[in-house]
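As structure tokens, the structure follows; a few thoughts come after it.
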Amino acid sequence: MTLSGKIALVSGASRGIGAATALELARRGAHVIITARTQGGLEETDDAIRTAGGTATLLPLDLKDGAALDAVGPSLLERFGRLDILVSSAGSLGMLTPVPHILPKDWDEVVAVNLSATWRLIRTCGPLLIVAEAGRAVFVSSGIVQQHVAYWGAYGATQAGLHHLVQTWADETRTFRLRVNLADPGAVATRLRRAAFPGEDQSKLPQPADVAPGIADLCEAGETRHGEMVRVGKK
């Protein structure tokens, strides 16, 4: 129970890596605020957490709703008086299409979820994390930022923006106790990957539960890395 007494917020927690990470944090003793658009998915994650002996608070939230996101930090301060851990796990693939064919509505969706929501989470949760005894922020991302892949323009561009934004924030907080890192889980059997590779046999891929411990490790008080992209899946 290395995270006993900690308050953690996990976005994208209705399924996949977010849900698995929320469960892992709860197993380690943290009280987890789980957020996603889907109430039913959040309830399933909550059931798994309670079955494991943990506790959670459900916070249905659309990451495209800027005003609702801005209210998260003040709401957590009022309800819990603190925030120790932030895990940003939600993501949007958008449409895989040539750059000139990207539709404005698809572009706006991917930018809102992958990039703008990241900025708003930092903005609303950052003040609480900085004053925490051992604040930890982890942003689940993708190795696609290290290459350029045809038809992945919107997703790749927003992931690159996410990296730059997070690592800039890390540079700005080096004198604090806060530790900020990016987590690259590699290829994992998720709904997003299924949409990108519909013919792939996901039974041969690592599952979200396989990478969740590595993400949770980045949330531990003993974590010293800062501003790094950490591979948390299989090497």
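Considering segment 62-85, and only residues there that are among the aliphatic types (A, V, I, L, M) and touching a residue at least 40 places away in the same chain (Cβ under 8 Å), the residue that is nearest to Arg28 (Cα to Cα) turns out to be Ile85.
Results for (1) crowded, with 18+ Cβ neighbours inside 10 Å; (2) part of a loop (DSSP other than H, G, I, E, B), shown as yes or no for each residue.
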{"residue": "Val87", "(1), (2)": "yes, no"}
{"residue": "Met95", "(1), (2)": "no, yes"}
{"residue": "Trp107", "(1), (2)": "no, no"}
{"residue": "Val110", "(1), (2)": "yes, no"}
{"residue": "Ala117", "(1), (2)": "yes, no"}
{"residue": "Ala157", "(1), (2)": "yes, no"}
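For segment 186-200, the criterion of being surrounded by 15 or more Cβ atoms within 10 Å (Cβ to Cβ), charged (D, E, K, R) and in contact with a strand residue (DSSP E or B) (Cβ under 9 Å, 6 or more places away or on another chain) is met by no residue. Listed by first and then second residue, the pairs with beta-carbon distance under 9 Å, at least 6 apart or on different chains, first residue in segment 154-172 and without any contact (Cβ under 8 Å) to a residue 24 or more places away in the chain, second hydroxyl-bearing (Ser, Thr, Tyr), are Gly156/Ser142. Against the condition within 20 Å of Asp210 (Cβ to Cβ), touching a residue at least 60 places away in the same chain (Cβ under 8 Å) and in contact with a Leu (Cβ under 7 Å, 6 or more places away or on another chain), how does Gly16 come out, does it pass? Answer is no for this residue.
In segment 123-136, which residues are surrounded by fewer than 21 Cβ atoms within 10 Å (Cβ to Cβ), part of a helix (DSSP H, G or I) and among the aliphatic types (A, V, I, L, M)? Residues satisfying the conditions are Ile130, Val131.
Look at segment 112-141: where a residue is within 16 Å of Ser89 (Cα to Cα) and a partner is of a type outside the set (Ser, Thr, Tyr) and part of a loop (DSSP other than H, G, I, E, B), sitting 6+ places away or on another chain with Cβ atoms under 6 Å, you get Ala112/Lys64; Val113/Leu63; Asn114/Gly91; Ala117/Leu63; Cys125/Leu83; Arg136/Cys219; Val138/Leu218.
With respect to the conditions (1) at pLDDT below 95; (2) among the hydroxyl-bearing types (Ser, Thr, Tyr); (3) surrounded by 24 or more Cβ atoms within 10 Å (Cβ to Cβ), Thr45 falls short on a single one, namely (1).
The values are calculated or read from the model by the stated rules, or taken from the named source; none is laboratory data. Predicted model, so just to flag it, every value in this text is computed and none were measured. Note that each Cβ is placed from the backbone with ideal geometry, even for glycine, and that neighbours are counted across all protein chains shown.
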